[in-house]
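Beneath this line is the structure, given in structure tokens, with notes to follow.
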Amino acid sequence: MDLNAAIEELYRVPPSEFVQTRRRLADAAQAGDDEAPAKRIRALRRPTVSAWAVNLLVREQGDLVGELLELGEEIRRGWAEGEEPARFDRVRNLAVAEAVRVAGVQVEATGRPLGEQAAHEVEETLQAAIVDADAAEEVRSGRLTHPRSHAGFAVPEAPAPGEAAPAAGEQARAREEKRRKHVEQLEHKAAELVGERDALRREVAHVEQEEERLRHHLEQLRLHRSAVRRRLEEAEAQTETALARLAEARSALGGPSGGGRERRVSSHGDRSTDM
């Protein structure tokens, strides 16, 4: 058995299916001559919902996670060179918010809503991956079992005036330009999503109005049907009464007479041809 493939499969399934899948994979590995893979698989821990959501994000949205972790590397380099952490807050928060949104969409696509607490833990884990290189590697592995958190930002001492080399200043400006472009991309994406959301809201309102119109029309048709049925029942009763009276009158006359030709009346009141 390919151990890495088995682990990848195991950390892809939802937590509710983890134990069953782990048992199946371990049993399959046990069938081989080497028991080490089976022991390794049985030792793997089930991830929390938020950890699974991050793992799923890594597998399904590798480019998005890669950009986020690359942003973390840039930010950590900036801190190491004494840049003010607050400068990165906007781009960092926008990137994390987009990743959390995508993670929520992916989880909901499996039929399981992410939930407010789990979404918060996903956000904390991604923030930790930006701040902490070790957390970033854990996220990149796609095999998290528990969410990560960060207590703050370790800001290095600012360099003495004139201490930074000119090349460092150029690098800082290049990073700032890259972050600015990234913010613009996120803002453009957010504007597109807002426009799509508003269009969908208008469409939903239109559909609801049409639904209400059709519901009212259906109710009117039902009322009309009931009224027509009552009229039909009355007409059938009156027809039956008229036919019964006609039969009594003929019986009292001793059958058809007066020239010998009989006109028959159907139950619908139509006259038949002469007999």
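The values are calculated or read from the model by the stated rules, or taken from the named source; none is laboratory data. On a predicted model such as this, the values are computed, not experimentally measured, just so you know. Counting neighbours? That spans all protein chains shown, and the Cβs are built from the backbone with ideal geometry, glycine included.
Points worth noting:
- Filtered residues of segment 35-61 (kept if surrounded by 15 or more Cβ atoms within 10 Å (Cβ to Cβ), of a type outside the set (A, V, I, L, M) and assigned to a loop (DSSP other than H, G, I, E, B)): R46, P47, T48, Q61
- Matching option when the condition is in a helix (DSSP H, G or I), more than 30 Å from W79 (Cβ to Cβ) and modelled with pLDDT of 65 or more, among R180, R173, R225: R225
- When segment 10-34 is filtered for residues that are part of a helix (DSSP H, G or I), loosely packed, with under 14 Cβ neighbours inside 10 Å and of a type in the set (D, E, K, R), the ones remaining, listed by number, are E17, R23, D27.
- Of everything listed in (1) under 24 Å from R22 (Cβ atoms); (2) in a helix (DSSP H, G or I), the single unmet condition for L94 is (1).
- Residue in segment 74-82 that is more than 22 Å from E137 (Cβ to Cβ) and in a helix (DSSP H, G or I) present: no
- Within segment 82-95, the set of residues being surrounded by fewer than 17 Cβ atoms within 10 Å (Cβ to Cβ) and either not aliphatic (A, V, I, L, M) or not assigned by TED's automatic domain parsing to the domain that holds I130 (or both) comprises G82, E84, P85, R87, D89, R90, N93.
- Close Cβ contacts (under 8 Å, 6 or more residues apart or on different chains) running from residues in segment 95-108 that are in contact (Cβ under 8 Å) with a residue 40 or more places away in the chain to residues that are acidic (D, E) and assigned to a helix (DSSP H, G or I) comprise A95/E67; Q106/E60.
- Residues satisfying the stated conditions in segment 1-17, i.e. touching a residue at least 12 places away in the same chain (Cβ under 8 Å) and under 17 Å from K39 (Cβ atoms): M1, L3, A6, I7, L10
- The one condition from (1) surrounded by 15 or more Cβ atoms within 10 Å (Cβ to Cβ); (2) modelled with pLDDT under 90; (3) of a type outside the set (G, A, S) that V139 does not meet is (2).
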